[in-house]
1. Please work out if B:VAL202 is assigned to a strand (DSSP E or B), in contact (Cβ under 8 Å) with a residue 40 or more places away in the chain and touching a Leu at 6+ places or on another chain (Cβ under 7 Å).
2. Among the residues of segment B:116-137, which ones are closer than 17 Å to B:LEU170 by Cα and aliphatic (A, V, I, L, M)?
3. Got a number for residues in segment A:1-33 being part of a helix (DSSP H, G or I), surrounded by 14 or more Cβ atoms within 10 Å (Cβ to Cβ) and at pLDDT 50 or above?
4. Can you go through B:SER213, B:SER195, B:SER141 and tell me which one is touching a strand residue (DSSP E or B) at 6+ places or on another chain (Cβ under 7 Å) and more than 14 Å from every other protein chain (Cβ to nearest Cβ)?
5. Quick one: B:VAL70 ticks every box in (1) within 16 Å of ligand 2 (Cβ to nearest atom); (2) farther than 30 Å from B:ASP224 by Cβ; (3) of a type outside the set (Phe, Trp, Tyr) bar one, so which box is it?
6. Which ones in segment B:159-188 are modelled with pLDDT under 90 and small (Gly, Ala, Ser)?
7. Does B:LEU79 count as at the interface with chain A (Cβ under 10 Å from one of its Cβ atoms), among the hydrophobic types (A, V, I, L, M, F, W, C) and within 16 Å of ligand 2 (Cβ to nearest atom)?
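The values are calculated or read from the model by the stated rules, or taken from the named source; none is laboratory data. This structure is a prediction, so every number in the text was calculated from the model and none was measured. Glycine gets a Cβ as well: all are built from the backbone with ideal geometry, and neighbour counts include every protein chain shown.
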Amino acid sequence: MPAESAQDRPIGSGGSLGLTLVLSEIAVLFRRLRTWAMIGALALIPILIAVVVRVSSDGSASGRGPAFLDSITQNGLFVSLTALTVAIPLFLPLTIGVVAGDTIAGEANLGTLRYLLIAPAGRIRLLLVKYAGAALFCLVATLTVVVTGAIIGALLFPVGPVTLLSGDTVGIVGYFLRLLLLALYVTVSLLGLSAIGLFISTLTTVPVGAMAATAALAAVAQILGALPQLEWLHPWLFTNYWLGFADLLREPIAWTSFADNALLQLGYIAVFGTLAYGRFSTKDVLS
Amino acid sequence: MSSDGLAIETRGLTKVFGSQKAVNGIDLAVPRGSVFGFLGPNGSGKTTTIRMLLGLASASSGEIRLLDGVMPRDARGVLPRVGALVEGPAIYPFLSGRANLPRLDAADRPPPPPPRSTRVDAALERVGLGHAATKRAAAYSLGMKQRLGIANALLAPRDLLILDEPTNGLDPQGTREVRGLIRSLSEDGTTVFVSSHLLAEVEQMCSRIAVMSAGRLVAQGTLDELRSEGTARVRVTTPDIDDASRVLARLGLPPQVHGRDDTITAELVVEGLLPETVNAALVQDGVRVRGFEVSGASLEDRFVALTGEGFDVAG
Ligand SMILES: Nc1ncnc2c1ncn2[C@@H]1O[C@H](COP(=O)(O)OP(=O)(O)O)[C@@H](O)[C@H]1O
Ligand SMILES: [Mg+2]
């Protein structure tokens, strides 16, 4: 009798941890063409930079252009760094805006949100799982830029020991580890924005709106951060430490900016996570 | 509330949208094991009620008992035992039909014992989607999506199925299949609560029904109970239609002539007027009565009377 078997389900087996749902969330995220299109676009950044520098320079350092750009010709390992610097203000927040803005609103728009909830996924659990998916995307997006940059740099330019900002020299492996640390730093930097996106996503059933609003907030925060008149506000902007990763390229590593950044992002996660919970836990799902 | 024999019980369930009462103080009582039809024109509040039953929307007021729990408080314990289709199916268009099901099953906790892939395949077979399982769900027709939605509701053994207009978008063959499916599920002991705006459909599947009209529950009971609440009707077969019509009118019964030109019917609307009296009056006036039949009200009439409109008219 189904009546019995339905009632006799074991309580507290593996699924109740939400691990299956996390895996399912990751699978759905990375089975979307859109996700791969964004990852491809991010990979294109270091490739473009490396190819353009290779074609136009022919070994003569010009002394112009953004930071690190000249160094690329001397050492291919700088491609990753340059690409990250280019990607952080615009491209990364844009892709994170798409993923984080889509979390709840996307499911609402498809109508699948109601089926997830009556499964029942549990509203808090669904929020956590959705956030975990967005956070994983932050890591994948950042790693895409770093790793693609390292590969294309090694292919097009000489590779050798790197002189750090402090004047010390590290080997290729040591530098690559630093790059991974850098990727971690940037990932952490994007977690606050992801939380904001998650919250905005609970407000609407139109994913594009949530995506645009999230990406726009990243732009606004950076503009505010560039205005000296608003100096008092800067420490509170989630974008404040976005480009502050230079400390990771010194010997010994200065961890202060990493810690300050992590604390700030945690604050944003706490605030917007709470707001998202407050909104979503009582929301009528009518889509 | 005591609800030992009830799978669904609501008291004064109300949902207000702005100034509109989409659901207005309804008291549902769905016995366990029944196939229960939730009937009402479009916009009468069926889906809104179902959303509240499942904890998707909060009730403005009123109480809900679902199986052994109070909703939404006991959602976590109750909902795994409930399969549902609400306001049509929803799919991830970029996944195959088959890949859609584990996604929602993954959200179910705790998962039932048989391996997921076994249950997914069984559910797909049961709704007749086995052959199209690997197709991208975006390429599904409405009827196929509807089947996928029903398969999702059947992923685990359920005590209660709540199906909101399950035959929407299905062809006559699919409609028959869904009816058969509901019957077989019911025979397994599952309580089925099925909403529809089509009387004929509910009449074929359900033993009990509730009728919604503009947010209110206007009738509830077995089909027979509802039939007997209506006014009886006499049906006279005679070559003298005009005479018969005159006699019936004189007795205060508005005559209705139908397609065939030798029958005339009238509702027995006059209190205390017995059918035999009507027959005697007809014969006395020289009407050649060849057939005389008394029947209960048709459900159709009953529903038009209850809801003030035909059943496929938008409300
Ligand atoms: N999200 C909503 N906001 C405002 N009104 C709504 C909403 N959903 C439904 N309604 C209204 O509630 C009434 C009942 O709708 P619904 O429950 O969908 O009816 P049914 O399922 O019987 O066709 C309708 O008048 C509809 O306009
Ligand atoms: Mg409806």
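1. no
2. B:LEU124, B:VAL127, B:LEU129, B:ALA132, B:ALA137 - these are the residues of segment B:116-137 that are closer than 17 Å to B:LEU170 by Cα and aliphatic (A, V, I, L, M).
3. So the count comes out to 11.
4. Of the residues listed, the single one that is touching a strand residue (DSSP E or B) at 6+ places or on another chain (Cβ under 7 Å) and more than 14 Å from every other protein chain (Cβ to nearest Cβ) is B:SER195.
5. (1)
6. B:GLY169, B:GLY174, B:GLY180, B:SER184
7. On the way: at the interface with chain A (Cβ under 10 Å from one of its Cβ atoms): yes; among the hydrophobic types (A, V, I, L, M, F, W, C): yes; within 16 Å of ligand 2 (Cβ to nearest atom): no.
Against the criterion (at the interface with chain A (Cβ under 10 Å from one of its Cβ atoms), among the hydrophobic types (A, V, I, L, M, F, W, C) and within 16 Å of ligand 2 (Cβ to nearest atom)), B:LEU79 does not qualify.
Listed here are the residues, each with its yes/no results for (1) surrounded by 23 or more Cβ atoms within 10 Å (Cβ to Cβ); (2) in contact (Cβ under 8 Å) with a residue 60 or more places away in the chain.
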position: A:ILE200; (1), (2): yes, yes
position: A:PRO207; (1), (2): no, yes
position: A:ALA210; (1), (2): yes, yes
position: A:ALA219; (1), (2): no, yes
position: A:LEU230; (1), (2): no, no
position: A:HIS234; (1), (2): no, no
position: A:THR239; (1), (2): yes, no
position: A:ASP247; (1), (2): no, no
